[in-house]
Every structure is written in structure tokens, then in C-alpha cells.
Amino acid sequence: MQKNKSNFPDWSGLIPILPDGGPRQRALYGELRRLIETRRLMPGEKLPPSRMLSQELGVSRGLVVGAYDQLIAEGYAETLQGSGTFVARDVPQASHAPAVARRRTVVKEVLPGTLGCGTADETTLRAFRQLFRKVLERPPETLFTYASPQGDIGLRQEVASYLRSARGMRVDPDQVMITSGTQASLYLIANAVLKRGDEVWMEDPGYKNARRALDEAGMRVVPVPVDREGLDPEKGRVLADNARAVYLTPSHQFPLGVTLTMPRRKALIEWASRVGAWIIEDDYDSEFRYTGAPLAALQGMDGEGRVIYLGTFSKVVLPGLRLGYAVVPEALFDKVLDLRKRVDRSPNALTEAVMAGFMREGHFSSHIRRARKRASNARDALVEGLSRGPFDIRSPDQGLHLIAGLKDAEEEGRMLNAAAEAGLGVQALSTMYRGNRMEHGLVIGFSGFEPQVLRAAAQRLVEAI
Ligand SMILES: Cc1ncc(COP(=O)(O)O)c(C=O)c1O
């Protein structure tokens with residue numbers, strides 16, 4: 001028989017202090033029975049050894065044994081030779097027992113195609129399991145204290161050296177701040193660096209969560225159109241030349257997938273330097289480049305410290321890690337650090353230590369190679385599955401999503417319904433625009449699902465049309 005294990009919390013809180021006088025064994029029996037009937041003690045759960053419970057409650061051991069015996073005799077508990085006493089699997093339900101709403105873990109069904117699914121495979125998870133064990137076997141001091149609000153130096157060193165070699169950045173570990181992801185980094189930047197009412201350029205179409213963070217911090221977001229060369233700084237200048245900042249995704253524009261061209265990069269940096277604006281560079285998925293060399297990060301071109309660079313482990317590994325980083329120019333660092341201390345004191349030292357080990361021991365680079373290969377297979381399967389539909393698709397050479405273009409709003413609406421019917425997770429491209437001009441289509445992710453699952457869901461969509 002499979003029994004649930006118990007880690008024996010202190011039960012003196014579960015069981016009210018027993019009356020000093022009177023039938024104490026009966027009182028203990030009654031309390032335990034109530035806990036079993038109301039499912040606070042679950043079928044199969046182990047009861048504490050009688051010696052332990054008697055010490056906790058300050059009663060004799062014989063009294064506890066007597067109460068257990070009565071529960072066993074009435075079918076509320078059972079013994080397993082050599083293992084102890086357990087709540088019975090088929091507990092008799094007292095007619096007066098209140099109906100207890102059983103707590104259920106609600107797992108939201110994630111449809112293939114849903115954006116933002118992680119890319120960790122079994123090999124990566126195995127490495128994480130080993131690293132968590134290793135870190136907990138020899139826990140770092142940072143786990144026992146309030147650690148540095150900037151983040152663990154070991155992880156900052158790894159991140160800095162990765163960004164220097166993989167993203168061509170100028171970065172020192174002292175400039176790196178570990179955060180719980182891009183969303184948290186953006187919150188810090190918007191609230192520590194910018195002021196309510198400041199104008200901030202943002203790509204149109206763009207990343208809704210970034211827009212929300214800026215809106216909520218009281219920014220006046222100025223949507224700047226994106227074309228084949230990325231955000232157009234000339235248009236930004238016409239709309240709001242004196243903006244205090246620009247938020248953008250230059251390596252792989254979200255959602256259109258274009259890369260900011262070199263002339264536009266130069267123009268953007270020149271503008272920022274002239275008006276004293278900050279460039280917030282969100283480099284969320286640059287690890288997933290399938291052909292050709294990636295353009296280095298904008299941060300590496302900036303000689304004046306005007307770029308605030310945001311990176312995340314959400315796309316490249318798992319969103320559930322809640323781990324990211326900001327590379328903050330020296331002039332802003334103290335302000336951002338001060339807010340960070342006030343908001344959440346410091347990062348999670350356990351995941352930091354694990355991620356530092358993951359990078360240091362070479363798992364990160366091999367993970368990226370495997371994840372990139374899997375993502376490109378998944379992309380091909382999705383494109384193939386959609387190929388007979390009425391979509392304008394260009395297979396992306398970067399990133400973890402594609403756009404299946406459609407001609408107008410009516411067609412987009414029809415396809416959204418068909419996708420829901422086919423069980424394909426999609427978002428409407430038009431909802432990511434804020435300006436007047438907009439394009440239509442479906443934004444579909446291809447990370448986190450097997451190629452055949454994506455192909456089949458896409459084919460169901462095409463059939464449902
Ligand atoms: C444009 C963009 N930036 C950043 C992120 C990652 O955000 P976070 O690090 O908060 O998980 C995403 C995730 O979907 C994204 O689409």
C-alpha cells in the first residue's frame with residue numbers, strides 16, 4: 001500500500017490544548033477524528049509517532065496510544081507493520097461532517113502555440129536537479145542572510161562574461177543587477193529613472209506587458225511606427241523629440257520580428273545623446289538565431305552610457321525561474337539599486353546559486369545549442385502545418401514566434417475563432433498596435449511543444465477554416 005509521507009509539523013497548533021481535567025484521551029481522540037473527518041488530515045497521511053505527539057502535547061504516551069487505538073478500532077486510522085499509524089484510506093464520513101471543498105491544483109491548459117513557453121528539455125532539468133541538490137548540500141552564506149540587493153556576484157560574473165562574448169557588450173559585473181525578469185527590471189527603471197508624465201517612445205506594434213509597466217508608472221507612451229528596418233527614430237522625433245526614453249526590442253522586434261538596422265541604431269543613439277534620453281533595450285530572445293550572425297546588442301555601440309539593457313532567462317530557459325538581469329549605466333545605478341532594496345530587498349539566493357552553477361559548468365551553452373535546434377524544428381513544423389491556410393507567412397530566422405499575416409480585421413476575427421476551435425494558442429496581431437495604422441494576423445509561438453504537436457494543431461486550424 002502506498003502511503004503518503006508526513007514531515008510531522010508541530011501538531012500542537014492543530015490540536016487545541018487539551019482540557020486539564022476530565023477525559024483527556026477522549027478529547028484527543030475527538031480532535032483527531034474531527035481533523036480526519038474534515039480532511040485536514042488526508043487519507044493515507046502518517047500520524048506522528050505516539051512518543052513525539054505526547055511530548056508535543058505534554059501528555060503521557062499511553063494516552064496518545066489509547067486515542068490512536070480507538071481511531072483504529074473505529075476505522076479512522078490503520079497501522080502498517082513497522083511504519084506507524086496512518087489515516088485510513090476509506091475514512092467513515094460522519095453525517096454531521098461539514099462538506100469540505102477539497103483544494104485542487106488548477107493547472108491551466110496551455111495550448112500549443114501559446115507565446116512564452118519555456119525551452120528546457122529533460123537534460124536541462126536533470127542538470128537543474130543536480131545543481132539544486134548540490135547547492136542545498138553546501139548552502140552558500142547568502143541563503144542564511146539578506147544577500148546583496150544587486151544579486152549574487154558569482155551569477156553577475158557569469159552574466160557579464162556571457163554578455164561580453166555572446167552579445168558584444170561592454171559590461172562589468174558591477175553594472176549587472178539580477179532581477180526577477182524583464183517585467184521587474186522595467187518596473188525598477190520606470191519608477192527609479194523616469195518621472196510621472198515623462199514621454200517614452202515605444203514600438204508600435206509592441207510588447208503589451210512593457211506598455212502596461214510604463215503606463216502604470218505614469219509615463220506618456222508615444223507609439224512610434226515600426227517598419228522593415230525596426231523602429232523609425234525620424235518618426236519618433238516628429239512625434240516627441242524631447243522624450244525622456246525609448247523602450248524597444250532591437251535584436252528581434254516584438255511582435256513583427258524585424259531587426260533594427262545599423263543606420264537606425266546610429267540614429268537612435270545620436271538622438272538619445274543629443275536630447276539626453278535613455279534607451280531601454282529589451283533583448284529577450286536573441287539566443288534563438290537560426291541563420292546568419294546576430295547583430296550585437298545596441299548597448300555595445302553606445303559610448304556614452306545611455307543604454308539600459310534588459311535580459312531574461314524566461315525565454316532561453318524557463319519563465320518559472322523568474323530570473324533576469326539589467327545592465328544599468330553607472331549614472332543610474334544607485335537610484336535603481338535603492339528602489340530595488342525597497343521593493344524586494346534582494347534576489348532569490350537559491351535560484352541565483354543554481355543558475356550561476358548552470359552557466360559556470362557549461363550547461364547553459366549546451367542548453368542553448370539544443371534549445372535552438374529544437375526551436376528551429378518546431379518552427380518548421382508550424383510553418384508546414386499552416387502552409388495550406390490563407391496566411392502570409394515568412395519563416396522567421398530568429399526568435400520563438402511567427403506571424404501568420406491576414407488581410408483584414410474580419411479575417412483575423414474568423415481565424416481567432418477557428419484557432420480556438422482547433423486548440424491552437426494564438427494572439428491577434430492587431431491588439432498589439434496603439435497607433436492608427438495596423439496590420440492583421442495571428443501571432444503564434446513555437447517553443448515548449450513538440451514539432452508534431454504544433455504541426456497537428458496548425459493543420460486542425462487549416463481544416464477548421
Ligand atoms: C518582448 C518581451 N520581453 C521580455 C519578455 C520576458 O519577460 P520576463 O523576463 O518578465 O519573463 C517577454 C516574454 O514574453 C517578451 O515577449
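Bear in mind these aren't lab numbers, they're just calculated from the coordinates by the rules spelled out. If you're wondering where the values come from, they're calculated on a predicted model, not measured in any experiment. Note that each Cβ is placed from the backbone with ideal geometry, even for glycine, and that neighbours are counted across all protein chains shown.
Near Met169, the amide H atoms lying under 5 Å from its own belong to Arg164; only residues 5 or more places off or on other chains count, and H is placed 1.01 Å from N. Dipole magnitude for segment 110-247: about 300 debye, using +1 per Lys or Arg Cβ and -1 per Asp or Glu Cβ, origin at the Cα centre. For Val222, nonlocal amide neighbours, meaning residues 5 or more places apart or on other chains whose placed amide H falls under 5 Å from its own, are Val200, Trp201, Met202.
Calculate, for Glu421 and Arg212, the FRET efficiency according to 1/(1 + (r/R0)^6) with r their C-beta to C-beta distance and R0 30 Å; round to the nearest 0.05.
For R0 = 30 Å, the calculated efficiency reads 0.55.
As a test, work out the antiparallel percent of DSSP beta bridges whose residues both lie in segment 122-365, rounded to the nearest 5. That works out to approximately 35 percent antiparallel. Against the chain, whose longest principal axis comes from its Cα atoms, helix 330-344 is set at around 30 degrees. Anything over 28 Å Cα to Cα? Flag those among Lys195/Lys315; Lys134/Lys208; Lys208/Lys235; Lys373/Lys407; Lys195/Lys266; Lys235/Lys315, in the order listed. Listed pairs above 28 Å: Lys195/Lys315; Lys134/Lys208; Lys373/Lys407; Lys235/Lys315.
As a proxy for reagent exposure, Tyr68, Tyr284 were ordered by neighbouring Cβ count within 10 angstrom, fewest first; the result is Tyr68, Tyr284. Here the extension length gained between Thr431 and Glu463 equals 9.0 nm, from 0.36 nm per residue of separation less the Cα-Cα distance. Across segment 143-160, computed HN-Hα scalar couplings (Karplus, 6.51 cos²θ - 1.76 cosθ + 1.60, θ = phi - 60°) run 6, 9, 10, 7, 7, 4, x, 7, x, 5, 4, x, 6, 5, 5, 4, 4, 4 Hz from first to last residue, x flagging Gly and Pro.
Between the beta carbons of Ala409 and Gln452, assuming R0 = 41 Å, the FRET efficiency works out to 0.80 to the nearest 0.05.
Segment 222-250 and segment 268-293 have Cα centres separated by 12 Å. Averaging Cα coordinates gives a centre for segment 351-426 and one for segment 37-87; these two points are 53 Å apart.
Basic side chains Lys and Arg get +1 at the Cβ, acidic Asp and Glu get -1 at the Cβ, and with that the dipole of segment 122-365 about its Cα centre reaches some 340 debye. Note on the chain: with charges restricted to the Cβ of Lys and Arg (+1) and Asp and Glu (-1), its dipole about the Cα centre is near 900 debye.
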